[in-house]
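Each reported figure results from applying straightforward, stated rules to the coordinates on display, with no laboratory input. Keep in mind the model is a prediction, meaning the values are calculated, not measured. Note that we place each Cβ from the backbone using ideal geometry, even for glycine, and neighbour counts take in every protein chain shown.
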Amino acid sequence: MNKVFFALIFSLISTAALAQVNGGRQQQGILSGSVFADSLSYLNPKDYIIGGVTISGAKYLDKDVLLTISKLNKGDRINLPGEQNANVIKDLYKQGLFDDVKLNVTRINMDTIYLEIAVVERPRLSRLHITGLRKGEIEDLNKKLNDKTGKIVNENLLNTTTATIKKHFHEKGYLNTTVDIKQTKDPGDPNSMILDVAVDKKSKVKINSVEFDGNKAFSDGKLRGFLKNTRRKRFWHIFGSKKFKQDKYEEDKQTLVEKMQAAGYRDAEVISDTVTKHDEKTVDVRIKVYEGPKYYFGDIKFSGNAVYPADVLARILQIEKGQVFSEDELNKRLTGPTPNNDDVLSLYLNNGYLTVNADPVQTRIHNDTVDLDIRIFEGPQYTINRVTLKGNDVTNDKVVMREIRTKPGQKFNKELLIRSAREIGQLGNFDEQKIDPRPTNVNSVDGTVDLVYNVVEKPSDQIELSGGFGGGQLVGTLGLTFNNFSLRNIFNLKAYKPLPKGDGQKLSIRGQSSGRTYQNFSFTFSEPWLGGKKPIYFALSAYTQGSSTGQYYAKTDQRYNKLRINGLGITLGKRLNWPDNYFQLNYSLNFDHYSLDNYGGYLFQNGTSYNIKLTQELSRNSVDVPIYPTSGSNIKLTIQATPPYSLFNNVNYKIATPQERYHFVEYYKWKFDAQWFQRITGKLVLMSQARFGYLGQYNSQVGPSPFERFKLGGDGMQTYQFLQGTDIIGLRGYENFSIVPVGSNKTADSNQGNAIYNKYTLELRHPVITGQSATIFLEAFAEGGNVWDNFSQFNPFNVRRSVGVGARIFLPIFGLLGLDYGYGFDKIPGQVDANKGHFHFTISQSLNGGFN
């Protein structure tokens, strides 16, 4: 080895000397190895034939690939020592994979030389150890960094790891995040490295100020209003984040330009912008804009249109000469979306012209006026060939297909396509966000198109398992609702999962009990397509309810206080095509049997009463989706009546006992309920609601009905109600049933209900999560309502008022859960705690745009 060492030293000295002699010639590569190295001299290089090349030290890398990189091939000639051996080492170092590379001579035989490439691989990453964060944050980072494991630990890996972590937190508003990485040898593998990554995300950075340069037509305040997600830290900014997020900021800049252009400034743009550090927790944003001149619409003409004349298209377009120029408004009026789908292309698409296109060409810009030529390509008229359904793994095809209004043989119709998607969503068995109808196999030769409705099933069955406190006792509840039941498979044991499913029927079984004191059991079955061929709604319901209070003492002959109510109902309904096909007409016949034994709470305490009522309900429901509606309305008019027994039963009501008076209950009842949903901006929705009810009597001598009255106040829950048949209407901010007529001395406990009520509600809603597994939205509300005993007292503007906030959570298995905090402004005489602040919990209310 001494001989080799001196040979290498001699070669180095010789090379250095040659480099000086040649005035800085590039240094040559160094050969080392066996005793054969002393026959190699940089002063006298020789040509050799490569007899073979071996690789040593490579543990993870492919040796064949390394040989390819070295360009040393068996049989090639090589001049050694010289530039070639230097290039071998240089090319391998370039890969960034090695800490050391050597080219050794292992053997020389005549003019044949055998070489060895000896490498020392750089260590590889075995794992990342992240500290300084919560468990969930570490898991999120590991998902983004899991591709780093097994890679070479070099400067690039350290930089990309740091950049990935900082970007992750920058997007969340942590702009001052710091990352400190330390390398530790893995004790389990000497050629592996553990990276200890200490992350300090600091505090979220908020926005101190947003300033603008270059704006004249728009005030700073107006421009700030366009930035919905880039808001200054001000106490009046309730909606919109005050934290700085880069991705939201980029979106806001684009929105800013679009809003300026929509106001007529078609040349508007953001010239530059800066985000500078104000202090450790805030930044200053400055945006320089160019407004340009304000433009107006000039002459608008249509070309290429043959199906519809220009005056019809102009009437649909609704843009007049002299209006402020807005490409956004122009595109909406041409291609949608518009609130009523009354844009130009919808006119064609609703008449079969599937491939229609409209291209607005700016033909002339003179001064501040833009002339347009809207060039229409109508294309052929298409007829629907086939309609198929995909994704319904549980629900039978016929249940969905009967709701689809686009039938084979019809002309393609966009409006019916959208309506069909809505009807599928109303079934409640599919994720409304993922219903995706698509035209396929568009054949321009024969003018046909296929339609595919893609759906995603969601859990629709619900379970209610709860305990609550009502009527001074603990009440347990167990309820099961199967929303996609199949009665025809009731005897098919293979179809039980846990009950037969797939036919769109609904089966609900519910029980409540507090022991002997109170029991309530109910059953409901409904079929939306009786017979399977027409949309005739059929429902059957039955219930039994009992209450027993008090104790029996023989000495005083004190009796139990008992109540038993049994009921049975049947409903038939039909969808209507007039005034439009959103209407439904239902008829219901119900029989209720009341048996009272020394039981208070009604207008009589002992006896038997029968309530036989016929109900007609005319409704129109056009809400877009059932859980979180954003458009449409839900309106109901209900008329309910019993036979006028007093006209033919020969009872003298002037002297009749309560048992005789109420043996057959008579009354008539009117109810009107209406809801409207309107999208305000983005996902913010306004829900407006008005409700009214009136309970009348045929004969003043009979007196008011003891049943079917209205009770107002509280959460509106009917979970624990002995007075079956009473309408319970919520009014948040007040105790349950606490609203009584002005001047009344009743309390919530003694309130037997009233003959008239009305209620108004305004509610702002904003979603937090909308998806298959859950829907959550927040709300802020203002509402008012009141009750009266007769029309002489009735004043629809004299209401008890409240405001508050709340949240709704829809979980498929539990239904809709609600939590509200309401503050009632108006005192209720005789009930000190009836108003002011109250929390309200609700369950399974207000589905399908329903009323609460």
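General remarks:
- Volume per residue of the convex hull around the Cα atoms, evaluated for segment 206-290, comes out as 85 Å³.
- Solvent-free Debye scattering, log10 I(q)/I(0), computed from the Cα coordinates of segment 473-541 at q = 0.17, 0.19, 0.29 Å⁻¹: -0.70, -0.79, -1.21
- With 20 Å bins beginning at zero, the pair-distance distribution over Cα atoms of the chain amounts to 11, 28, 28, 19, 9, 4, 1, 0 %.
- Sites Glu327 and Ser219, calculated FRET efficiency, Cβ-Cβ separation with R0 30 Å, nearest 0.05: 0.85
- Cα gyration tensor shape of segment 124-200, rounded if a/c is under 1.5, else prolate or oblate by comparing a/b with b/c: prolate
- Ranked by the mean number of other Cβ atoms within 10 Å of their residues, highest first, the peptides 154-163, 728-737 come out as 728-737, 154-163.
- Label point distance in nm, Ser688-Asn159, each placed 7 Å from Cα along Cα→Cβ: 6.0
- Bins of 5 Å from zero: percent of alpha-carbon pairs in segment 296-377: 3, 15, 28, 27, 17, 7, 3, 1, 0
- Projected label distance in nm at Lys151 and Lys74, using a 7 Å step from Cα toward the beta-carbon: 3.7
- Taking only the Cα atoms of segment 141-275, the ratio Rg/Rh comes out at 1.16, with Rh defined as the Kirkwood radius.
- Cα extents of segment 701-810 along the three principal axes, largest first (Å): 56, 30, 20
- The loop-placed trypsin sites (Lys or Arg not before Pro) in segment 589-654, going by DSSP, that have at most 13 neighbouring Cβ atoms within 10 Å of their Cβ come out as Lys654.
- Least to most buried among His766, His170 (fewest other Cβ within 10 Å first): His766, His170
- FRET efficiency for the pair Tyr93 and Asp189, taken as 1/(1 + (r/R0)^6) with r the Cβ-Cβ distance and R0 = 22 Å, rounds to 0.40.
- Entries of Lys233/Lys288; Lys135/Lys172; Lys135/Lys281; Lys683/Lys711 with Cα pairs more than 27 Å apart: Lys683/Lys711
- Stokes-Einstein D in µm²/s, Kirkwood radius over Cα pairs - segment 614-852 at 37 °C with 0.692 mPa s viscosity: 172
- The ranking of His840, His129 by Cβ neighbour count inside 10 Å, starting from the fewest, reads His129, His840.
- A full extension of the chain between Ala306 and Thr681 corresponds to an added length of 131.3 nm, given 0.36 nm per residue minus the alpha carbon distance.
- Across Lys167/Lys206; Lys144/Lys166; Lys407/Lys494, pairs whose alpha-carbon gap is larger than 22 Å: Lys407/Lys494
- Dipole magnitude for segment 614-852: computed about the Cα centre from +1 point charges on Lys and Arg Cβ and -1 point charges on Asp and Glu Cβ, it is near 300 debye.
- Cα-projected label distance for Tyr698 with Asp196, points at 7 Å along beta-carbon direction, nm: 9.0
- Relative contact order %, the chain, counting alpha carbon pairs below 8 Å whose residues are six or more apart: 5
- Listed residues Ile404, Ile424, Tyr537: farthest to the positive end of the dipole of the chain (Cβ charges): Tyr537
- Packing-based exposure ordering (other Cβ within 10 Å, fewest first) of Ser792, Ser219, Ser70: Ser792, Ser219, Ser70
- Computed over segment 384-454, the quotient of the alpha carbon radius of gyration and 2.2 N^0.38 Å is 1.08.
- Annotation: lysines with alpha-carbon distance below 27 angstrom to Lys294 (same-chain offsets under eight excluded): Lys216, Lys222, Lys228, Lys253, Lys259, Lys321, Lys332.
- Helix 135-145 axis, angle to the chain major axis (alpha carbon atoms, nearest 10°): 50
- Between helix 2-21 and the chain: long-axis angle, C-alpha atoms, 0 to 90°, nearest 10: 90
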